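Only one structure is covered here, and it is reproduced in the block below.
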Amino acid sequence: MRRILVIALAFALLGAACGGDGNSELVDLAAACEVGDVDGDLDLYNWSEYIDPDLVTAFEADFGVTVNESFYDSNEAMLPQIESGGNDYDLVVPSDYTVTIMSEEGLIIALNKDAIPNLSNLDPAFTGLPYDENDEYSVPYQWGTSGIGYSYDVVPEDWEASWEIIFDPGFAPDVSGRISLLNDPRETMGIALKYLGYSINTTDQAELDEAVELLKGIKDRVKLFDSDQFEDLLVSGETTVAHGWSGDFFAAFDEASDDTYDAYEDFGYGIPKEGAVAWVDTMAIPITADAPCTAHTFINFLLDPENGAALTNFNFYASPNAASEPFVDPEILEDETIYPPDEVFERLEFLADTGDFETNYSDAFNEVKS
Ligand code: SPD
């Protein structure tokens, strides 16, 4: 119950709100979808390595359709693809602040909740959130944090994660040149802002400029900006410190482990003590979808308790599906870096749509990388 309050409070502080009505003929079409209907193959546009292939196979077998998957590595890479309208994606997985942007731009449709009865399985903490106050356009998929993956070669076993490992050249000098940062304007400008003590959602250009200078000042310590392979590069030893998403690290540690080797002895993931980004990725149906009923059925399928747990057991991200909890691996449920306790949660901040200021974040990040 405390977690519900903390999540609601963390989002309430954002002050973000959805607008736009997203109306179209597609909404009428979707309104006619009934539970379990399919109206064509599903073109799924998702983050890479973000769904258990067995779930996809099971959906295809259960509903007699094919799921065609395409991938992106940031909200900012996905958005222009949907804006261009050239693709007929049926389902997309935008994060919180991007849902606001997409609904305001009329890029996603109001969902037909009658076709998604498993919505009742959602943890109430993940309903009515500011990025989609009336749960009109999106359904939560997974949630997690953006923190630091590291090798125990460069920090002691009891190290309390801190952004200083990235920003303070005096700390662990041997990590220099072996750091990766997310190739993501909001996430990476966000950690610099957080380290400076500012909000990750600042719209103060002076604060953003300071963050640019901070990142430019440590650029020689950064090996690459990457959102796709940061976890593998850490495990393979190419890097020793990586800014990235919690579950991707754990999936890589798990994959690298076998009967004779435990990667968790060599690598860790931490949520920095200064605070970090928390996020909710969601499912939404683009206005250009041509199989809206299949998309609704897929959402309902993933909200099934066992399917929701399979998603989490594969991704190592926390589930917004309360009914899935009995089926989630106990080690995942008990891991405080996956399900942070309230005192850690209080240090997290969700990204919010900053409106026209989004461009300032992209420009700032381009300046850092140039
Ligand atoms: N491998 C998929 C990871 C998806 C992470 N999404 C995080 C978005 C945070 N802004």
request  = Report, in degrees rounded to the nearest 10, the 0 to 90 angle that the Cα long axis of helix 185-196 makes with the longest principal axis of the chain.
outcome  = 40
key: In Å², nearest 10: area of GLU160 left accessible to a 1.4 Å probe   = 110
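Taking the alpha carbon gyration tensor of region 281-370, what are the square roots of 5 times its eigenvalues, largest first, to the nearest whole Å?
So the three semi-axes of region 281-370 are 30, 24, 11 Å.
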remark   = Taking the alpha-carbon centre of each part, the distance from region 321-370 to region 153-194 in Å is 17
request  = For LEU348, LEU224, give the ranking by accessible area with the largest first, probe 1.4 Å.
outcome  = LEU224, LEU348
query = Residues with beta-carbon under 10 Å from that of LYS194, excluding LYS194: net charge, scoring Lys, Arg +1 and Asp, Glu -1?
reply = -1
message = Over 5 Å intervals from 0, what percent of Cα-Cα pairs in region 145-266 sits in each interval?
response = 2, 11, 22, 23, 19, 12, 6, 3, 1, 0, 0
query = With charges only on Cβ, +1 for K and R and -1 for D and E, what is the dipole size of region 162-288 about its Cα centre, in debye, rounded to 20?
reply = 560
Within the chain, longest stretch free of exposed chymotrypsin sites (Phe, Trp or Tyr not before Pro) [DSSP loop, at most 15 other beta carbons within 10 Å] = 1-151
request  = Could you state the accessible area per residue of the chain in Å², with a 1.4 Å probe and every protein chain left in place?
outcome  = 39
inquiry  = Using 5 Å bins from zero, what percent of all Cα-Cα pairs in region 195-295 falls into each bin?
reply    = 2, 9, 14, 15, 16, 14, 12, 9, 7, 2, 0
note = Mean projected area (nm²) from the convex hull of Cα positions in the chain is 17.4
note = Sorting GLU105, GLU157, GLU34 on solvent-accessible surface, 1.4 Å probe, most exposed first, gives GLU157, GLU34, GLU105
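Per residue of the chain, what 222 nm ellipticity follows from adding -39500 (n - 2.57) for every DSSP H run with n ≥ 4, rounded to the nearest 500?
Calculated at 222 nm, the ellipticity per residue is -10500 deg cm²/dmol.
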query = Tell me, what is the 1.4 Å probe accessible area of ASP335, in Å² to the nearest 10?
reply = 40
request  = Using only Cα atoms, find the angle between the long axis of helix 53-63 and the longest principal axis of the chain, and express it within 0 to 90 degrees, rounded to the nearest 10.
outcome  = 0
ask   = Near the amide H of PHE71, under 5 Å away, which other amide H atoms are found, from residues 5 or more places off or on another chain, if H is placed in the peptide plane?
value = ASN46
query = Given H placed on each backbone N at 1.01 Å, which residues far from PHE267 in sequence or on other chains put an amide H within less than 5 Å of it?
reply = TYR152
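The values are calculated or read from the model by the stated rules, or taken from the named source; none is laboratory data. Because the structure is a prediction, the values reported are computed rather than measured. Here Cβ is always computed from backbone atoms with ideal geometry, including for glycine, and neighbour counts include all displayed protein chains. Calculation scope for accessible area: heavy atoms of the full protein, side chains included, ligands and nucleic acids excluded. Shrake-Rupley method; radii C 1.70, N 1.55, O 1.52, S 1.80 Å.
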